[in-house]
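Enquirer: Got a structure for you, written out below as structure tokens; questions coming shortly.
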Amino acid sequence: MNLNMESEMIPAMITIPDGFELISREEHDRLEADKQIMWDLKKAIEVTGFSKKELTMILQSFKQGLDVDHGGCVYYPYNGGKYKIESSKFIKFIRVNFKRIMETIKG
């Protein structure tokens with residue numbers, strides 16, 4: 001028995017059954033996050049890749065279109081509450097408005 005902890009690469013052929021595919025851990029995590037209906041600010045930061053400062057700027061700059069009170073997908077906190085973000089609509093908003101968002105962030 002070899003107790004040496006060094007790893008060794010061994011080429012191997014693996015057959016993946018039809019209907020299956022390998023994805024990265026990052027892609028898996030993104031897909032899992034997409035399954036969540038509601039995000040808090042922390043989860044939105046994690047999934048979108050924006051910093052807290054950037055995401056807060058986006059939420060404030062686009063409040064008129066994002067606020068649930070105006071048909072959007074973000075519940076804005078009142079009296080110390082927390083943001084509630086509907087994930088799929090927010091992702092769609094980011095994709096559709098990406099250029100405007102980046103211009104807003106860069107100032």
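The values are calculated or read from the model by the stated rules, or taken from the named source; none is laboratory data. The model shown is predicted, which means the values in this text are computed figures rather than measured ones. For neighbour counting, all protein chains shown are included, and Cβ atoms are generated from backbone atoms with ideal geometry for every residue, glycine included. Accessible surface areas use protein heavy atoms only, side chains included; no ligands, DNA or RNA. Shrake-Rupley method; radii C 1.70, N 1.55, O 1.52, S 1.80 Å.
Enquirer: Give the range of the longest stretch in the chain that excludes all chymotrypsin sites (Phe, Trp or Tyr not before Pro) found in loop regions by DSSP and having at most 11 other beta-carbon atoms within 10 Å. Working shown, then result.
Expert: Details: sites that count: PHE20, TYR78.
Between the exposed loop sites, the longest stretch runs 21-77.
Enquirer: Send over a whole-number figure in Å² for the accessible area per residue of region 35-82, probe 1.4 Å.
Expert: 65 Å²
Enquirer: Would you kindly calculate the translational diffusion coefficient of the chain, applying Stokes-Einstein with the Kirkwood radius from alpha carbon pairs, for 4 °C and a viscosity of 1.567 mPa s, and quote it in µm² s⁻¹ without decimals?
Expert: Approximately 77 µm²/s, per Stokes-Einstein.
Enquirer: Right, here's the next one. Go ahead and estimate [θ] at 222 nm for the chain from helices alone: -39,500 (n - 2.57) per DSSP H run with n ≥ 4, summed, over the residue count, rounded to 500.
Expert: Taking each H run of at least 4 residues, the total per residue is -13500 deg cm²/dmol.
Enquirer: With a 1.4 Å probe and every protein chain kept in, tell me what percent of the accessible surface of region 26-107 is carbon plus sulfur.
Expert: Taking all protein chains in place, region 26-107 shows 53 percent carbon and sulfur surface.
Enquirer: So how much slack lies between LYS92 and THR104, counting 0.36 nm per residue of separation and subtracting their Cα-Cα distance, in nm?
Expert: So the chain would gain 2.6 nm between LYS92 and THR104.
Enquirer: Relative contact order for the chain: what is it in percent, counting Cα pairs under 8 Å that are at least 6 residues apart?
Expert: Rounded, it is 24 percent for the chain.
Enquirer: For the chain, with a Gaussian network of springs between Cα atoms less than 10 Å apart, report the residue from MET38, MET13, MET57 with the top mean-square fluctuation.
Expert: MET13
Enquirer: Looking at the chain as a GNM with Cα springs under 10 Å, which of LEU31, LEU66, LEU22 has the largest mean-square fluctuation?
Expert: LEU22
Enquirer: Label TYR76 and LYS42 with points 7 Å out from Cα along Cα→Cβ: what is the distance between them in nm?
Expert: The two pseudo-label positions are separated by 2.4 nm.
Enquirer: While we're looking at this one, here's another question. Just to be sure I understand: with springs between alpha-carbon atoms less than 10 Å apart, which residue in VAL96, VAL47, VAL74 has the highest mean-square fluctuation in the Gaussian network model of the chain?
Expert: Maximum among the listed residues: VAL96.
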